[in-house]
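This report refers to the structure that appears directly beneath it.
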Amino acid sequence: MQIHFFLLLISYLLGSIPSGLILSRILKKGDIRKSGSGNIGATNALRVGGRLLGALTLIFDLLKGLIAVIIAIVFEQKFIAVYGFVCILGHIFPVWLKFKGGKGVATVLGVILGLNPLVGLAMAIIWVITFICFKISSVASLTSLFLATFALIITDTNYGNSIFIILILTLIVYKHKDNMIRLYRGEESKISL
């Protein structure tokens, strides 16, 4: 039981590392929270700091989710998705930034890659294809996440994991509520690479 709570704490703290903010300072791009959407995630890092910052933020945020799942697997935990969920909570509500973090999509991708590499790879491919078609990150994120969630639920026989996978989807949809309102109004901004 003690190892369970310790691993949950590690997952949260791992998720709450503000990769985008740290990298933006290392690359001398300033505080990305003060520009664009004010978000510390990969999309705003790309928008504010360019391709290198966006790509590095994506990689590091993805690795947080993947590492959390790998740690849970190594310690033979029963409901692995719990640790991914807690890591995503850390990314979205980081203790270091007064609980104002990113939207969690890259970290979710890392978690899904850890849970099921094929579904994770499919999610990444669907994201890229949808983004190329629409040039809107939120559309690509929500489309790929819905399909990945469905694929995980029908392929995972561990129903405890399925509950947390649905919670992850619900949380990410909630974080994109403003994007969905802008999409409905036709006001969501496109991103040019």
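When only Cα pairs below 8 angstrom with a gap of at least 6 residues are kept, segment 15-125 shows a relative contact order of 29 percent.
Shown are K98, K103, whose ranking by accessible area with a 1.4 Å probe and every protein chain present, most to least, is K98, K103.
Accessible area ranking (1.4 Å probe, heavy atoms, ligands and nucleic acids excluded), largest first, for V111, V86: V86, V111.
For L109, neighbours were defined as the other residues whose beta-carbon sits under 11 Å from its Cβ, and their charges (Lys and Arg +1, Asp and Glu -1) total 0.
Taking Cβ atoms as reference points and 13 Å as the exclusive limit, the residues near S35 contribute a net charge of +3, counting Lys and Arg as +1 and Asp and Glu as -1.
Here the contact order of segment 130-185, divided by its residue count and restricted to Cα pairs under 8 Å and six or more residues apart, works out to 31 percent. Taking the charge dipole of the chain about its Cα centre, with +1 at Lys and Arg Cβ atoms and -1 at Asp and Glu Cβ atoms, the residue from I67, T57, L152 reaching farthest to the positive side is T57. Sorting F99, F164 by solvent-accessible area of protein heavy atoms yields F99, F164, largest first, with a 1.4 Å probe. Over 29 Å between C-alpha atoms is what I'm after, so list which of K29/K98; K135/K175; K78/K177; K98/K135; K78/K190; K34/K78 land there. Beyond 29 Å between Cα atoms: K78/K177; K98/K135; K78/K190; K34/K78. If R₀ is 30 angstrom, what is the calculated FRET efficiency for the pair D178 and K28, using the beta carbon separation as r and rounding to 0.05? Efficiency, rounded to the nearest 0.05: 0.50. The relative contact order of the chain, computed from alpha carbon pairs under 8 Å that lie at least 6 residues apart in sequence, is 20 percent. Distance between the 7 Å Cα→Cβ label points at V128 and L147: 1.3 nm. Which value in Å does the Kirkwood hydrodynamic radius of segment 4-100 take, with 1/r averaged over all unlike C-alpha pairs and then inverted? Taking the inverse mean of 1/r over all distinct Cα pairs, segment 4-100 comes out at 13.5 Å. Helix 159-175 versus the longest principal axis of the chain: what angle, 0 to 90°, nearest 10, using Cα atoms? With rounding to tens, the tilt is 20 degrees. The rule of thumb for compact globular proteins, 2.2 N^0.38 Å, goes into the C-alpha radius of gyration of segment 81-193 1.06 times.
The heavy atoms of L56 present about 50 square angstrom of accessible area, all protein chains included, probe 1.4 Å. Volume per residue of the convex hull around the Cα atoms, evaluated for the chain, comes out as 110 Å³. Each residue of segment 111-122 was assigned a 3J(HN,Hα) from its phi angle through the Karplus expression (A = 6.51, B = -1.76, C = 1.60, θ = phi - 60°), giving 4, 5, 4, x, 6, 7, x, 5, 5, x, 5, 4 Hz with x at Gly and Pro. Taking all C-alpha pairs of segment 26-78, those more than 13 Å from each other amount to 60 percent.
The values are calculated or read from the model by the stated rules, or taken from the named source; none is laboratory data. It should be emphasised that the depicted structure is a prediction, and the values quoted were computed from it without experimental measurement. When we count neighbours, we look across all protein chains shown, and the Cβ atoms used for this are built from the backbone with ideal geometry, even at glycine. Ligands, DNA and RNA are stripped out before the accessible areas are found, and what is left, the full protein with its side chains, is counted by its heavy atoms. Shrake-Rupley method; radii C 1.70, N 1.55, O 1.52, S 1.80 Å.
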